Amino acid sequence: MNSLLITGGRVIDPANRMDAIADVLIKDGKIAAVGPKLKVPAKITRLKADGLVVCPGLIDMHVHLREPGQTAKETIATGTRVAARGGFTTVVCMPNTIPPIENASTVAAIRQTAASQGTVNVLVAGTITKNLAGEELAPIGSLKQAGVVAVTDDGHCPQNGEMMRRALEYAKMCDLPVLDHCQDNALVMDGVMHEGYWSTLLGLRGWPAVGEETMVARDILLAELTGGHVHCQHLSAARSVALVREAKRKGVSVSAEACPHHFTLTHAAVAGGEAFWKEDGKGYLSGFAKRWELPSWPNYDTNLKMNPPIRTAADREAIIEGLVDGTLDVIASDHAPHCDFEKEVEFDFAPFGIIGLETELALALTQLYHSKRLGLSELVAKFTTGPARILRLTKGTLSVGADADITLFDPDREWVFERNQSASKSYNSPFFGWPLKGKATAAWVAGKLVWDERGSFSP
Ligand SMILES: [Zn+2]
């Protein structure tokens, strides 16, 4: 296999506490050397990365690839192409497919398809319970043997505490983390947006913050009881963050993630673009060099319907604070493609979820780095060492000998996300027309170029 030298970039590798201008040498699909002005034979291909960040390939541990069963929305082939465009070299696919990923043969089928059709690494999460029904445990041991990196009923939440306790006990024996979509069904009922001012004004049924917080609290208590690891997915509410912070302080084995829509948008956005920009969206463009036009959208736009919902400005601030102080370990997209015909219905009837892989890095840079809340190295850690630690991966590092999964991004590039630029099969994004700051320009998986925005990195 060929060798490649990426020269002159700002190498940020949180696993090795590195942030310096350096070269990265790839050989036979592995990282061969990292350091300033590496001396290599003249015949080795060189690529200039001046002005760009060179970091370990980004990991997104919360992605819905929709295969098997819902391939009109996305497939392993299209979803991993979308990931590469966003700068992601590894994704963890959620098991709420049709059928669900609840046995070893389904895991094997997905790994096989991913190996032959996937652009980036696909790691598989299995279900906690059979058919995601919360009534009977899935065979966690054989799922582990088949290669899953975690178990989760994402999209659903096991309501029965005893079931969750047993899941944590089995998962602990198998050295697997349990990822939970924290939702108390009795409290949430058929809520469609955050329960508060705007849900009242718009006449939509509320999804109260307490519907998430009670499950976060339960999971923490059960993690403490069992010694298993609980990872709270896509946290949306301020008190959820506070609960995780307190639990971590006590040494409970808990981690948590945040999604870009939860640290960017608020429930005012459901009332339309004007309502959002007037109050909660003020200052969005403050880190931009150019004065851009802000996008507009109507009220009741179903691309603002996600589960858990976008909440108040105070909740959004608490999510950002949680990322800053380390309470939240991971940024993940919850990339959830849905077809136009499914979303183009009344708000009450539309499915929850938005696509997110292509805007994720840019929104994180815009909202956290350019707003001067988080340094670049800390931000990269949320996409690399954060998920790698929770999932026990040897990825997310530029250590010599590691797979040459590498992402290049321009942290200062200002651009607008357009519908016709997306590689996804689905178009359910609220961020079309949004000015964004920061963009992935290239990515390699095991030394193979999988994304090259300008066509300038192809040897
Ligand atoms: Zn979920």
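The values are calculated or read from the model by the stated rules, or taken from the named source; none is laboratory data. Given the structure is predicted, the values throughout are model-derived calculations rather than measurements. Note: ideal-geometry Cβ built from the backbone for every residue, glycine included; neighbour counts use all protein chains shown.
Values for this structure:
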quantity	calculated
Members of segment 96-136 found to be under 15 Å from the mean Cα position of the chain (by Cα) and either within 16 Å of the ligand (Cβ to nearest atom) or free of Cβ contacts under 8 Å to residues at least 24 places away in the same chain (or both), listed by number	125
Among the candidates 423, 381, residue that is surrounded by fewer than 22 Cβ atoms within 10 Å (Cβ to Cβ) and either in a helix (DSSP H, G or I) or touching a residue at least 40 places away in the same chain (Cβ under 8 Å) (or both)	423
Segment 13-35 residues that are among the small types (Gly, Ala, Ser), paired with ones that are surrounded by fewer than 16 Cβ atoms within 10 Å (Cβ to Cβ) (beta carbon under 6 Å, 6 or more apart)	22/35; 22/36; 29/1
Complete set of residues in segment 140-159 that are more than 21 Å from residue 256 (Cα to Cα) and either within 15 Å of the ligand (Cβ to nearest atom) or surrounded by fewer than 19 Cβ atoms within 10 Å (Cβ to Cβ) (or both)	141, 142, 145, 147
Residue list for segment 38-84, filter: assigned to a strand (DSSP E or B) and either away from the ligand (no atom under 16 Å from the Cβ) or at pLDDT below 95 (or both)	45, 46, 47, 48, 53, 54, 55, 56, 58, 59
Enumeration of residues in segment 223-236 that are away from the ligand (no atom under 13 Å from the Cβ) and either under 17 Å from the mean Cα position of the chain (by Cα) or within 15 Å of residue 161 (Cβ to Cβ) (or both)	223, 224, 225, 226, 228, 230
Which numbered condition residue 246 fails, given (1) under 21 Å from residue 165 (Cα atoms); (2) more than 16 Å from the ligand (Cβ to nearest atom); (3) touching a residue at least 40 places away in the same chain (Cβ under 8 Å)	(3)
Unmet requirement for residue 87, which otherwise passes all of (1) at positive phi; (2) in contact with a strand residue (DSSP E or B) (Cβ under 6 Å, 6 or more places away or on another chain); (3) within 16 Å of the ligand (Cβ to nearest atom)	(3)
Residue 11 vs. criteria in contact with a helix residue (DSSP H, G or I) (Cβ under 9 Å, 6 or more places away or on another chain) and closer than 30 Å to residue 256 by Cα	no
Subset of segment 316-346 (residues that are outside any loop (DSSP other than H, G, I, E, B), away from the ligand (no atom under 16 Å from the Cβ), surrounded by 19 or more Cβ atoms within 10 Å (Cβ to Cβ) and not small (Gly, Ala, Ser))	316, 320, 323, 343
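The rows are residues; the columns are (1) surrounded by 17 or more Cβ atoms within 10 Å (Cβ to Cβ); (2) outside any strand (DSSP E or B); (3) out of contact with any Asp or Glu (no Cβ under 9 Å at 6 or more places or on another chain); (4) on the phi > 0 side of the Ramachandran plot.
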residue: 356; (1), (2), (3), (4): yes, yes, no, no
residue: 366; (1), (2), (3), (4): yes, yes, yes, no
residue: 397; (1), (2), (3), (4): yes, yes, no, no
residue: 401; (1), (2), (3), (4): no, yes, yes, yes
residue: 411; (1), (2), (3), (4): yes, no, yes, no
